[in-house]
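Below is one structure, written out as structure tokens; the observations come after it.
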Amino acid sequence: MTAGQTLLVFLLGGPATCALLILVVPARVAGRLSIAAASAMFVVSIALTADRNTAGSGTIDPWHEINLPWIASLESRLHLGVDGLSWPLIVLTSLLVLCCTIWLASVERVHNVRALLALIFALQFGMVGVFLALDTIVFFVFFELTLVPMYGVIAGWGGAKRAAAARKFVLYTLAGSVLLLTGVMWLLVEAGTSDMPLLAERAGDVARSAQLGIFAFLAVAFAVKSPLWPLHSWLPDAHTEAPTVGSVLLAGVLLKLGTYGLVRVGVTLAPQGAKHFAPVLAALGVVAIVVAAFVCLASDELKRLIAYSSVGHMGFVLLGIATLNEAGMQAAQVGNVSHGLITGLLFFCVGAVKSRLGSGQLASLGGLRMSAPRLAAVLGFAAIASFGLPGLAGFWGEAFAIYGAAQHGTVWWWAAAIVAAIGAALVVAYFLRMLRLVVTRQPTAGAVGMADVITDLRWGEVLVVAPLMTAILLIGLWPGVVLDATAGPVKQIVEGVAR
Amino acid sequence: MIVDHASLAPIYALAGALVLVLLADLALGPHARRRVETLIGIGAVGLVTTGALAIAVTGGTSRRGFCVDPETLPGEIAVGQACSLETNRYVVAVIVGACVAALLVLAYSVRHLSTVDDPLGADRQQTAQTVATGARSSNAEELVVAGRASAAGGRFGDVALGGVQEPSSPRPLATNGAMPGATSASFAGEYILLLLCSVLGLVTLASARDIITLIVAIETLTLPTYALVSLGRGARAAQGATTYFVVSVASTAIALLGAALFYVTTGALHLEWVARVLSVDSIADKPLVTISLVLLLSGLLFKLAAVPFHAWAPATYDGAPVPVTAYLATLSKVGGWLALVLVVGAAARQLDVLGPVLAVVAIATMLVGNLVALRQHRLMRLLAWSSIGQLGFALAALGAARSSGGFNDAVAASATYVALYVLISLAVFGAIIAVMPAAGGIDDLRGLARRSPVAAGVLVIGLAGLAGLPPGFAGLWAKLAVLRGVVRVGDGWPMWVLVGAIAVSVVVGLAVYLRVVAAVFTPSEVGDRVVPDRAALSAALLATVVGLVVGVYPQPLFESVTRLGCGLFSTCS
């Protein structure tokens, strides 16, 4: 077993072991143990870049891989590996899980914290598994695996209407999963294998009509997860009711399973289908951007606003993917990572605000600048990053998705690019409105955000937000940290579509 | 006529055990110590012997018995030698599976059979062991059976909440509950006897290779269950048993009518001959042949409780003792499925007609079963409806097939589904039986997560499996196998309609099970820990562990069912 394979085993085995271990250790060490484990996972995920195999020449060239026999009857092998496309998202996952463990250990007091931590590690196991999967059936299994822990997190630790929100989340997502399974099975029957590198090579052999159907199934499945308008309606409820860590992981990572899957499984394995449906995807992505922006402009609850803003940002990512050219696809990859970081930071901020004021109603907030200037600054930073100020992470994904669309040169794509650009301006507008209402507005009579009633940023919170802010700044100034990794795979995928 | 007694050994063994149970019951008398344990022990040994003999006797080879010589059927069709019974490794696999599942059902029955000899003691025990209001309602029924109607009469309001009107107690008051013949314990002998007899039908069915043997076997499987259902408590059981009896007898009549019509038109009853005569176009195209096959099929679909032949199931499940319901929902359905597969497999030539019929039935079964389950409040009714829906998935794979080659693949997919469904369902029933001896409402499970974490865990993993979600991976493979089967053997728009119906049903199914799971995790005002029934819980735990192992490494299962279809019809090349 090579060093790289050992890292992969740790990456999957670590969270799985932790999920079980947390349940049996005493409650007082659970927090510290989980922070230590999550830190270790983060280091391991970074270490994946070391000693990587760059010699391959196929469409999917893993840096490190494990390939074991599993279900021969389904032509399925336990094929796991990391490449440039999945690595940034694995690091993102590890980082967000680490932040969540710190949050639970030192900031927010919740009941039965061990069970929540166990669920978070189970979630990490599933999410990392999806990113590592190089076999469609393995991919599907891990995809399903993320569903139950997230249901548990929302149903167990959510707000007042948690049961309904959790049910809606799990039913919507399961509907998507069934479509995903159908697509995967169809692909298996057509191509005779479920191994992704093999499928990518044989993508040309699958009949075009079958590719169209397969891609349609996969696209709808991933569109539910991403979520793409009009299949997004589970998301605002789930976010509004979920506990802070649930929202962070849901928006930060789970949504990425959809966009990552669309690229890795959909576009790579059914390129003809992708080419056929790209304009539709682009149109839906653009509609998502604009609709989400208007909903956010009218939103009166902080958490719901942030949740809906995710729909818009994922719209940019989907627009980027739909362009099927290098600029757009690269924008989608960096957009994935930066949205994960920024929305994570936003949800932590909202969690901090709501825990202090007990409400997220915009009408009852105000004056955060005076009562908690440092928290206000962090919220401001996150909002500015989210609307895509150059120099921060959010910029690259939005700008280059629009650029990629414009590169096509046809009227349809120009229209998409222009509407997306208008949408980007609306994003600025609603975040500024949010900042005005929460941060700068004088506290009105009846507002709860009175000065010196609440505490400013605590040390635990600083520990949570600092790594995220650093990463946002890092990607903003040096997007190459993501783009260099994704460049190779994206080039291969774009060539695969062009073939 | 050649009779191969060796291949009949499993059947003899089970029949022997059955007689032993009867004799032991007579010899021990109603007041013997450890009577129930002894009887269950004999039954268990009988089942183990049956399974072991099945493996030993065939030793991987194929054995045939009750064969008839080649002859020429009407229409100048020459047919070769055909046999009424065949035992090969696929049949053995079915027999062993049936015996193992029956052992689980026996384990589930322990408490049901041993509770009530001392009604006062049982009363205390029950109060300690049952969950929340389930305790009240079950005690109410328990007490009536013991003849203490006066105390229980007022409580029937609780029981009747489910919508079925309970009459006031018709039974005479007994002096002090020791009335012979009125308690479950004194029914123990009959109960085990009937259960084994029914399993005997299933074992015979697995090797039956002509339509009459098949129908006789399935009747052997069904007849004892009427009596088993009526061993339940109160009017609900009587109502369930009567519904079941009437519907089932009617369905048998229909199946027999189909068989008779088929025989009249073709002269063939052995499955091999059926396949042979149907390969002749002039016969296969006769309308009467198609009609007779559809009639036969309808009769068998009754046993499966497939829509529109399903109406008996909810009332029956709700009225029967819960372990009997577990049996009906699993093994009894396997019987119906097996008979269906055998008949359709022989008539694979007619799949262009039978296939669409099966597909329509499958779609209706999946949708109706799951949708109606959504509206149920009584646990057993919910499980009944959802098990109707579950079998719909197994039918869906069969309904997609349009050729005999495709049908073999479809049987593989369907068999994977049925095997995993039986395993998971047994785990679910086991968890419920362990904490709730009598049928109750979903709300009776409230707070189970705190009150009996192990039972709650088994139940939740099982329900997740039924919904096809992790950690119940076994269920995930079941759904996957069916979808793969449908996509593989079907084509054109009918396949997509099936896929669509499967997708909708899976989602609705999850909504059904979520209600139960939500109840398990809802805090309840009654906070006492439940002492679960040990035998049932360990059996259910075992089933869950097996399910998890299969879930992580399903290859052996997938591999063994691949050739099940051709193995059952002895067409493997």
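Summary of values
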quantity: Filter result for A:Phe125 (closer than 27 Å to B:Ala478 by Cβ, open to solvent by 30 Å² or more (accessible area, probe 1.4 Å) and of a type in the set (A, V, I, L, M, F, W, C)); calculated: yes
quantity: Sole exception among (1) within 14 Å of chain B (Cβ to nearest Cβ); (2) touching a residue at least 12 places away in the same chain (Cβ under 8 Å) for A:Thr59, by number; calculated: (1)
quantity: Pairs, first of a type in the set (A, V, I, L, M) in the stretch B:490-518, second surrounded by fewer than 21 Cβ atoms within 10 Å (Cβ to Cβ) and not in a helix (DSSP H, G or I), C-beta under 7 Å, six or more apart; calculated: B:Val508/B:Leu374; B:Ala511/B:Leu374; B:Val512/B:Leu374
quantity: Check on A:Val206, away from chain B (no Cβ under 12 Å), open to solvent by less than 40 Å² (accessible area, probe 1.4 Å) and of a type in the set (Val, Ile, Thr); calculated: yes
quantity: Single residue of A:Val141, A:Val107, A:Val113, A:Val184 found to be open to solvent by 10 Å² or more (accessible area, probe 1.4 Å), of a type outside the set (D, E, K, R) and within 10 Å of another protein chain (Cβ to nearest Cβ); calculated: A:Val141
quantity: Members of the stretch A:309-330 found to be surrounded by fewer than 24 Cβ atoms within 10 Å (Cβ to Cβ) and under 14 Å from the mean Cα position of the chain (by Cα), listed by number; calculated: none
quantity: Search result, residues across the stretch B:64-117 that are charged (D, E, K, R), assigned to a strand (DSSP E or B) and in contact (Cβ under 8 Å) with a residue 24 or more places away in the chain; calculated: B:Arg64, B:Glu86
quantity: Every pair of residues 6+ apart whose Cβ atoms lie under 7 Å, when the first sits in the stretch B:14-36 and is over 22 Å from B:Leu205 (Cβ atoms) while the second is at pLDDT 90 or above and β-branched (Val, Ile, Thr); calculated: B:Leu20/B:Ile42; B:Ala24/B:Ile42
quantity: Check on A:Ala223, among the aliphatic types (A, V, I, L, M), assigned to a helix (DSSP H, G or I) and farther than 23 Å from A:Asp61 by Cβ; calculated: yes
quantity: Given (1) in contact (Cβ under 8 Å) with a residue 40 or more places away in the chain; (2) in a helix (DSSP H, G or I), number of the condition A:Ser359 does not satisfy; calculated: (2)
quantity: Only one of A:Leu235, A:Leu269, A:Leu228, A:Leu262 that is closer than 18 Å to A:Val128 by Cα and buried (at least 24 other Cβ atoms within 10 Å of the Cβ); calculated: A:Leu262
quantity: All positions within the stretch A:375-394 that are of a type in the set (A, V, I, L, M, F, W, C) and surrounded by 20 or more Cβ atoms within 10 Å (Cβ to Cβ); calculated: A:Leu375, A:Ala376, A:Val378, A:Leu379, A:Phe381, A:Ala382, A:Ala383, A:Ala385, A:Phe387, A:Leu392, A:Ala393
quantity: Residue count, the stretch B:371-428 (criterion: hydroxyl-bearing (Ser, Thr, Tyr), assigned to a helix (DSSP H, G or I) and either under 21 Å from A:Met185 (Cα atoms) or open to solvent by 10 Å² or more (accessible area, probe 1.4 Å) (or both)); calculated: 5
quantity: Residue, surrounded by the fewest Cβ atoms within 10 Å (Cβ to Cβ), within the stretch A:359-374, restricted to residues that are small (Gly, Ala, Ser) and over 27 Å from the mean Cα position of the chain (by Cα); calculated: A:Ala363
quantity: Filtered residues of the stretch B:268-289 (kept if open to solvent by 20 Å² or more (accessible area, probe 1.4 Å) and touching a residue at least 12 places away in the same chain (Cβ under 8 Å)); calculated: B:Leu269, B:His270, B:Glu272, B:Ala275, B:Arg276, B:Ser279, B:Val280, B:Ser282, B:Lys286, B:Leu288
quantity: Subset of the stretch A:158-172 [open to solvent by less than 40 Å² (accessible area, probe 1.4 Å) and either among the aromatic types (Phe, Trp, Tyr) or more than 10 Å from every other protein chain (Cβ to nearest Cβ) (or both)]; calculated: A:Gly158, A:Gly159, A:Ala165, A:Phe169
quantity: Only listed residue being within 22 Å of A:Val44 (Cα to Cα), of a type outside the set (S, T, N, Q) and more than 10 Å from chain B (Cβ to nearest Cβ), chosen from A:Met150, A:Met196, A:Met127; calculated: A:Met127
quantity: Flag if B:Ala235 is open to solvent by 30 Å² or more (accessible area, probe 1.4 Å) and either of a type in the set (Asp, Glu) or farther than 26 Å from B:Ser404 by Cβ (or both); calculated: yes
quantity: Residue among B:Arg529, B:Arg488 that alone is facing chain A (nearest Cβ under 8 Å), over 19 Å from B:His377 (Cα atoms) and surrounded by fewer than 22 Cβ atoms within 10 Å (Cβ to Cβ); calculated: B:Arg488
quantity: Search result, residues across the stretch A:1-52 that are open to solvent by 50 Å² or more (accessible area, probe 1.4 Å), of a type in the set (A, V, I, L, M, F, W, C) and closer than 20 Å to A:Leu96 by Cβ; calculated: A:Phe10, A:Leu33, A:Ala36, A:Phe42, A:Val43, A:Ile46
quantity: In the stretch B:446-480, residue nearest to the other protein chains (Cβ to nearest Cβ) [restricted to those that are within 19 Å of B:Ser524 (Cα to Cα) and either touching a Gly at 6+ places or on another chain (Cβ under 8 Å) or part of a loop (DSSP other than H, G, I, E, B) (or both)]; calculated: B:Arg450
quantity: Where B:Phe558 falls short, out of the listed (1) at pLDDT 90 or above; (2) at the interface with chain A (Cβ under 9 Å from one of its Cβ atoms); calculated: (1)
quantity: Qualifying residue in the stretch A:241-252 (condition: modelled with pLDDT under 90 and assigned to a helix (DSSP H, G or I)); calculated: yes
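The values are calculated or read from the model by the stated rules, or taken from the named source; none is laboratory data. Here the structure is a predicted model, which is why all the values come from computation and not from measurement. Methodologically, a virtual Cβ is constructed for each residue, glycine included, from the backbone with ideal geometry; neighbour enumeration extends over all protein chains shown. With ligands, DNA and RNA removed, areas are computed over all heavy atoms of the protein, side chains included. Shrake-Rupley method; radii C 1.70, N 1.55, O 1.52, S 1.80 Å.
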